[in-house]
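**Student:** My structure is below; once you've seen it, I'll send some questions.
Nothing in this text is a laboratory measurement; each read-out follows from the coordinates by a stated rule. Only a predicted model underlies this, so the values are computations on that prediction, with no experimental measurement involved. Heads up, the Cβs are rebuilt from the backbone with ideal geometry, glycines too, and the neighbour counts pull from every protein chain shown.
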Ligand code: DX5
Ligand code: ZN
């Protein structure tokens, strides 16, 4: 149902040199539509949605209904970051809810290849995330099936953590390994101090939570971050 827009969304994200993606973890869910309108006015190019299950990570957020609610109120690409065990059991539902990209964690599955293929068969963009302690070597065999690789610069689970510079080395290494078509994304502790290094290291999608949502004016925050890329 969303096939054409998904392909367009992925193509648009590939074209841009860098994009600041707000992570909605810290937004006001009592006013979700208003929050999304504020982000659209700020000129963001996609929304990053953090799904946590209280098992793969020690925090619990939201699932398909929020993805579906976002889909109803915006045409922006939805970049869904699954921090859940056994994601293979849920990817179809996230796809049906309107996700454009579904990212699973390498640490959460036995075989990333199988789940990435499953996501691609659903005509969603397939993403693979690695926590700071996970090596590039361990995901090398899966890279050809990735539309996106997400390098976590904090341990997945909570917003507001400090940036871990090991992510920069991984981004540099990945940039050499993956095709031009593969999006590189960084997530965790990205702010005015760290964003430029992330982009220089090769990240095109820069996920930002607290450095947008803890600021009084989202447009100013997004603009200042974008100017630094
Ligand atoms: C952490 C999440 C991030 C987080 C980013 O597990 O994946 O998307 O919300 O928040 P900040 O920018 O505050 O680190
Ligand atoms: Zn995230």
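**Student:** For the range 156-183, enumerate the residues that are within 12 Å of ligand 2 (Cβ to nearest atom) and without any contact (Cβ under 8 Å) to a residue 60 or more places away in the chain.
**Tutor:** 161
**Student:** Do you know which of the residues in the range 81-91 that are in a strand (DSSP E or B) and in contact with a helix residue (DSSP H, G or I) (Cβ under 8 Å, 6 or more places away or on another chain) is nearest to ligand 2 (Cβ to nearest atom)?
**Tutor:** Out of the qualifying residues, it is 83.
For every residue, the table says whether it meets (1) within 11 Å of ligand 1 (Cβ to nearest atom); (2) under 18 Å from the mean Cα position of the chain (by Cα).
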{"residue": "120", "(1), (2)": "no, yes"}
{"residue": "123", "(1), (2)": "no, yes"}
{"residue": "130", "(1), (2)": "no, yes"}
{"residue": "134", "(1), (2)": "no, yes"}
{"residue": "138", "(1), (2)": "no, no"}
{"residue": "148", "(1), (2)": "no, yes"}
{"residue": "151", "(1), (2)": "no, yes"}
{"residue": "159", "(1), (2)": "yes, yes"}
{"residue": "162", "(1), (2)": "yes, yes"}
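Here is a yes/no grid of residues against (1) out of contact with any strand residue (DSSP E or B) (no Cβ under 9 Å at 6 or more places or on another chain); (2) surrounded by 15 or more Cβ atoms within 10 Å (Cβ to Cβ); (3) part of a helix (DSSP H, G or I):
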residue: 93; (1), (2), (3): yes, no, yes
residue: 107; (1), (2), (3): no, yes, yes
residue: 118; (1), (2), (3): no, yes, yes
residue: 144; (1), (2), (3): yes, no, yes
residue: 170; (1), (2), (3): no, yes, yes
residue: 173; (1), (2), (3): yes, yes, yes
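**Student:** Filter the range 120-133 for residues that are more than 15 Å from ligand 2 (Cβ to nearest atom) and free of Cβ contacts under 8 Å to residues at least 40 places away in the same chain; which is surrounded by the fewest Cβ atoms within 10 Å (Cβ to Cβ)?
**Tutor:** The residue in question is 133.
**Student:** Of all residues in the range 55-91 being over 18 Å from residue 130 (Cβ atoms) and within 13 Å of ligand 1 (Cβ to nearest atom), which is surrounded by the most Cβ atoms within 10 Å (Cβ to Cβ)?
**Tutor:** This residue is 61.
**Student:** Same structure, new question: If you go through the range 184-195 one residue at a time, do you hit one that is crowded, with 16+ Cβ neighbours inside 10 Å, more than 8 Å from ligand 1 (Cβ to nearest atom), part of a helix (DSSP H, G or I) and touching a residue at least 24 places away in the same chain (Cβ under 8 Å)?
**Tutor:** yes
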